[in-house]
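Structure, as structure tokens:
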Amino acid sequence: MTLIFSGHPFAYEAERLFRSFFPPVKITLSHSAEDACGDFCLTERIRDGESVTLSVELRAGEHCGRRETVVPADTPDKEQERELCILLYGVLSEYTGVMPPWGILTGIRPVKLLADIDERTAAERLLVAPEKTRLAHRINEIQRPLIGSIPERSFSLYVSIPFCPTRCSYCSFVSHSVDKAAGLVGDYLDRLCEEIGAAAEAARAAGLRLDTIYFGGGTPTTLSAEQLKRLFGALERFDLSGVREFTVEAGRPDTITREKLEAIKAAGARRISVNPQTMNDSVLEAIGRRHTAAQTERAYELAREVGFDSINMDLIAGLPTDDVEGFRRSLDRVCELAPENITVHSLSLKRAARLFRERESELSGAFEMLSYAHERLAACGYEPYYLYRQKNTADNCENTGYAKRGTESLYNVFIMEEVQTIIAVGAGASTKLVDVPKKRIERISNLKYPYEYLDRFNEALAAKSRIIGFFDK
Ligand code: SF4
């Protein structure tokens, strides 16, 4: 299939919308209407004096669809882009029989975008299904006081541990299996502690107060209890007196031990994640997660015994070999365990994942799974409190964090809504400097892979001076 952009500058949005209908399909991009042969989708703008004609034509096998609209020549580009996307949505819905509920919205933060748009306008102008607008409004309501509670000149710290015991087949993060990267871990921790120290210096010089801490990855509990303690020790370079939330993503149940949990708790972390992804053993095996549902339950109970009173559990809708019934059983079981937070992800078919190369068939049922999750979780007292979309997700769905009221993770809200500075350390970590009053955001990305991070560590250190520069402006 060739996707053609002719006579307009809306290629970015048009391509994203097109891909949201066909996540795993290979497409060729072109900027010439002359490439309109074979299977193609031609998006076109033709100016003609006082007016502009926008059109979309789709040819796929025997199928042929076309829509067009005429707007005045002085219509702003943003508005023309929206009109063209509406045509594209119509042509693709007609061909596929699918009507993505987020309409023509393709960004990762629909909640922010829909904050001030009523249901009717969202449906008419953006083709967003009313239940999605209501969901976005509810999330906004829950987030408002959390965002309002952010102390002035504060920041969150993200610490990246890009190692896992094995690599899951659907994973597209930079995480390395610890078997392959065993030789790097010691050096990595040395450098990471050094970078934590540099981040503490920079934050102090910029007059920033530490508000929340998040250890993610990867799987931080791939590290031994001793290694974790060493890392936690490095945090003492910060003033920890104002920390309101400290999360460690324990993640894979097969890495969780009492000793590690005790080390995490002793460091002051109150919130952890124990991530089943599914409670179905055969699906776990199919995705290469070498642990069982029984191990998840044991890890969860252990975390309770050690005294964690804020536990998150992640589930994924649309996993290979899973079906709607299987997903329901997983969700029901997790609800019975009653963690404070449950995050429901849609499987993202990113190109890097092995799975993407192996299975190009459409994964179905994710939308039904998410609808079930929404209803069941509401019945169990959970409310959605943050939401984001990823590209290429199964059935174009979203990832939603649910929480029992009062247990929402501050860090998750702050990072998704871009309302607080996040200083991130470690390989693949991305610092986001946010100046809310002046609406300025600047990103600083560390090198992606652990070996690059080690080889060019000075770059990560040098970048810390940009934190001070940003807040000096
Ligand atoms: S545990 Fe998470 S980060 Fe690690 S390989 Fe699996 S999906 Fe990727």
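Of note:
- Partner lysines for K180 [C-alpha distance under 20 Å; skip if fewer than 8 residues away on the same chain]: K448
- Label-to-label distance, nm, for residues given as R144 and E301 (7 Å Cα→Cβ offset): 4.4 nm
- Note: the stretch 6-74, Cα convex hull, 99 Å³ per residue.
- Pair-distance profile P(r), taking every C-alpha pair of the stretch 289-351, with 10 angstrom steps and integer %: 18, 51, 26, 5, 0
- Modelled spin-label separation between I108 and S371, with each label point placed 7 Å from Cα along the Cα-to-Cβ direction: 2.8 nm.
- Residues with amide H under 5 Å from that of A250, placed H, sequence gap 5 or more: S273
- Bridging of K464 to aspartates and glutamates at a Cα separation below 19 Å is possible for D190, E194, E195, E201, D211, E236, D239, D435, E442, E452, D455, D472, once same-chain residues fewer than 8 apart are set aside.
- Residue pairs, from the table K391/K432; K26/K439; K132/K265, whose Cα atoms sit over 30 Å apart: K26/K439; K132/K265
- C-alpha long axis of helix 324-337 to longest principal axis of the chain, angle in °: 30 degrees
- Our analysis of the chain gives Rg over Rh at 0.98, with the two radii drawn from alpha carbon positions and Rh computed by the Kirkwood formula.
- At the listed q of 0.19, 0.22, 0.33 Å⁻¹, the Debye profile of the stretch 233-280, built from one uniform point per Cα, gives log10 I(q)/I(0) equal to -0.69, -0.84, -1.28.
- Cα point-scatterer Debye curve for the stretch 272-313, base-10 log of I(q)/I(0) at q = 0.15 Å⁻¹: -0.36
- Straight-line cross-link reach from K229 at under 12 Å between alpha-carbon atoms covers these aspartates and glutamates, not counting any fewer than eight positions away in the same chain: E259, E262.
- Extension gain, A36 to S51: 0.36 nm times the residue separation minus the Cα-Cα distance gives 3.0 nm.
- Note on the stretch 136-224: Cα-only Rg and Dmax are 17.1, 48 Å.
- What separates the Cα centres of the stretch 206-233 and the stretch 364-379 is a distance of 33 Å.
- Cα-based convex hull, the stretch 164-287, per residue volume (Å³, whole number): 114 Å³
- Local electrostatic count, A303, Cβ distance below 12 Å [Lys/Arg +1, Asp/Glu -1]: +1
- Ascending count of other beta-carbon atoms within 10 Å, so fewest first, for M369, M99, M279: M99, M279, M369
- Estimated [θ] at 222 nm from DSSP helical runs (n ≥ 4, -39500 (n - 2.57)) normalised by residues in the chain, nearest 500: -12500 deg cm²/dmol
No value in this document is a laboratory result; all are computed from the given coordinates. All values reported here derive from a predicted model rather than from experimental measurement. Methodologically, a virtual Cβ is constructed for each residue, glycine included, from the backbone with ideal geometry; neighbour enumeration extends over all protein chains shown.
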